[in-house]
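A short worksheet on the structure shown next.
No value in this document is a laboratory result; all are computed from the given coordinates. Since we're looking at a predicted model, the values are computed, not measured. Here the Cβ positions follow ideal geometry from the backbone for every residue, glycine too, while neighbour counts run over all protein chains shown.
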Amino acid sequence: MSTLAELDTEDDLVARARAAIEEVCDPEIPVLTIADLGVLRSVEVTADGEIEVTITPTYSGCPAMDVIGFDIKTALAKTGIDNARVRQVLSPAWTTDWMSEAGKAKLRAYGIAPPAGRASRRALFGEQSIACPHCGSHETEKVSEFGSTACKALWRCKICREPFDYFKCI
Amino acid sequence: MATTSISFTETPLLNLVLLRADDALILGHRLSEWCGHAPMDEEDIALANIALDLIGQARSLYDYAARIDDSGFTEDHFAYRRDEHQYRNCLLVEQPNGDFAATVVRHVLFSAFMDLYWRETMKSRDETLAAIAAKAEKETAYHLRHSGEWLIRLGDGTDESHARAQEALDELWAYTGELFETDETERAVIESGVTPDVGSRQESWQKRIEPILREATLKIPSAPFMHTGGRSGRHSEHFGYILADLQYLQRAHPEAVW
């Protein structure tokens, strides 16, 4: 059994690690932290007393995972946590439902239309109406099913004429 | 090319995982050849994105293969340090890109199959495969829709685009029989509930693509002849060229990492 003092230390360590990791952003959408995006799954202390951070990719081939892992380790090293491990898991699979409401608001303010509705095959394939993140109009059209990254599609607003990225609802 | 190829002990599970990984890697590599050459910017981005999804799926599978094998190899050893006869990908995915119509036809045929496969594999008794399937399923469905819409546009387009799409379908159809082949070792993992029996899914697959072809005004060729060999490591002439390109770096600079 652990003593109370040991538990306190562990909690403190996790809290310190969490605070450091809160600052880590997605390299391709720098306004979102990995917590906003739902890519950060857990921060735990392992049996050997080290910090283990678990992350999950948005898409199978997401090229940002290695950079995110590196940024997590750097952020932890800055607070004096040196031997952290970053683990990638696939299950349960990430969906846009893991994105926080605060994250969706940040996306919109950044000029990216956030995923509309809850993730499902129907949401991915249905013809939804996507609000323009610039002027709010629903008079928009899809330009391309693939955008600047695997997780986005390219849309255009018919009212303000601005093109914009839409974060696909998967 | 001084670096030797790896040798490893084959098991039914390892063979299955490598077969799926090889399909994804080789098609991902083929699609990446379009980068900078696609008929329009949006499609250039789309093909590169689809390639990225496939290579991502391949990485997850090779990484799993390395864990099954458990003799110190990594995903890179399985991707880059095997010889031609050790790759079990189907012949369809190694066919040259041809024109844009041929790439689209190949992708419809393959992704309609994988869409079925991944959806069923989400229920696999193998937890890792089920997890990989749950990620890949949504990506593959999106690829199928994208390539399906293009096939309709091309088939039901101009005389020229229709003729090219039909010609590609006539040629590539003869590579689809292989998708439904199973062998002795695969039977073991089918019986243990690890993988669906693809041998009995040909009808569902054809039902999936018939509405697309109908709308595209294209005809399914009545060619009884089907190419075979990829699943047992007998590849077409094109495959050696792919490996020369794909493996050059790891053969010249073994263990190189980013």
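Determine which member of the set A:Phe146, A:Phe164 is within 14 Å of another protein chain (Cβ to nearest Cβ) and surrounded by 15 or more Cβ atoms within 10 Å (Cβ to Cβ).
Numbers: A:Phe164 fails: within 14 Å of another protein chain (Cβ to nearest Cβ).
That would be A:Phe146, the only listed residue that is within 14 Å of another protein chain (Cβ to nearest Cβ) and surrounded by 15 or more Cβ atoms within 10 Å (Cβ to Cβ).
State the number of residues belonging to the stretch B:1-46 that are surrounded by fewer than 19 Cβ atoms within 10 Å (Cβ to Cβ) and in contact with a Cys (Cβ under 8 Å, 6 or more places away or on another chain). Result for the stretch B:1-46: 1.
Can you confirm whether the stretch B:223-233 contains a residue that is of a type in the set (A, V, I, L, M), over 19 Å from B:Leu179 (Cα atoms) and out of contact with any strand residue (DSSP E or B) (no Cβ under 6 Å at 6 or more places or on another chain)?
So in the stretch B:223-233, the residues of a type in the set (A, V, I, L, M) come out as B:223, B:226.
Now narrow it down to the ones that are over 19 Å from B:Leu179 (Cα atoms): none.
Checked against the condition, which is being of a type in the set (A, V, I, L, M), over 19 Å from B:Leu179 (Cα atoms) and out of contact with any strand residue (DSSP E or B) (no Cβ under 6 Å at 6 or more places or on another chain), the stretch B:223-233 yields no hits at all.
Could you list all residues from the stretch A:66-98 that are within 14 Å of another protein chain (Cβ to nearest Cβ) and assigned to a loop (DSSP other than H, G, I, E, B)? Steps first, please.
Taking the stretch A:66-98 and keeping what is within 14 Å of another protein chain (Cβ to nearest Cβ), we get A:66-67, A:69-70, A:87-98.
The answer is A:Val89, A:Leu90, A:Ser91, A:Pro92, A:Ala93, A:Trp94, A:Thr95.
Filter the stretch B:45-97 down to the residues that are among the acidic types (Asp, Glu) and in a helix (DSSP H, G or I), then identify the one that is nearest to A:Pro63 (Cα to Cα). The qualifying residue nearest to A:Pro63 (Cα to Cα) is B:Asp53. Restricting attention to the stretch B:103-143, the residues being surrounded by fewer than 24 Cβ atoms within 10 Å (Cβ to Cβ), in a helix (DSSP H, G or I), hydrophobic (A, V, I, L, M, F, W, C) and facing chain A (nearest Cβ under 10 Å) number 4. Of the set (1) among the acidic types (Asp, Glu); (2) surrounded by fewer than 18 Cβ atoms within 10 Å (Cβ to Cβ); (3) farther than 24 Å from B:Lys138 by Cα, all apply to A:Asp66 but (3). Entry remark, the stretch B:163-179: residues being touching a residue at least 60 places away in the same chain (Cβ under 8 Å) and either among the hydrophobic types (A, V, I, L, M, F, W, C) or touching a strand residue (DSSP E or B) at 6+ places or on another chain (Cβ under 9 Å) (or both) number 6 in total. Considering every residue within the stretch B:19-34, establish whether at least one is within 13 Å of chain A (Cβ to nearest Cβ), more than 13 Å from the chain's Cα centre (by Cα) and not polar (S, T, N, Q). Checked against the condition, which is being within 13 Å of chain A (Cβ to nearest Cβ), more than 13 Å from the chain's Cα centre (by Cα) and not polar (S, T, N, Q), the stretch B:19-34 yields at least one hit.
Mind telling me which of the residues B:Glu160, B:Glu167 ends up being acidic (Asp, Glu), over 30 Å from B:Ile68 (Cα atoms) and in contact with a helix residue (DSSP H, G or I) (Cβ under 8 Å, 6 or more places away or on another chain)? If you could, list the steps in order and put the result at the bottom.
Values: B:Glu160 fails: in contact with a helix residue (DSSP H, G or I) (Cβ under 8 Å, 6 or more places away or on another chain).
It is B:Glu167.
Cβ separations smaller than 8 Å between residues 6+ apart or across chains give the following pairs from the stretch B:67-91 residues that are in contact (Cβ under 8 Å) with a residue 40 or more places away in the chain to residues that are of a type in the set (Ser, Thr, Tyr) and crowded, with 22+ Cβ neighbours inside 10 Å: B:Asp76/B:Tyr62; B:Phe78/B:Tyr62; B:Ala79/B:Tyr62; B:Cys90/B:Tyr175; B:Leu91/B:Tyr175.
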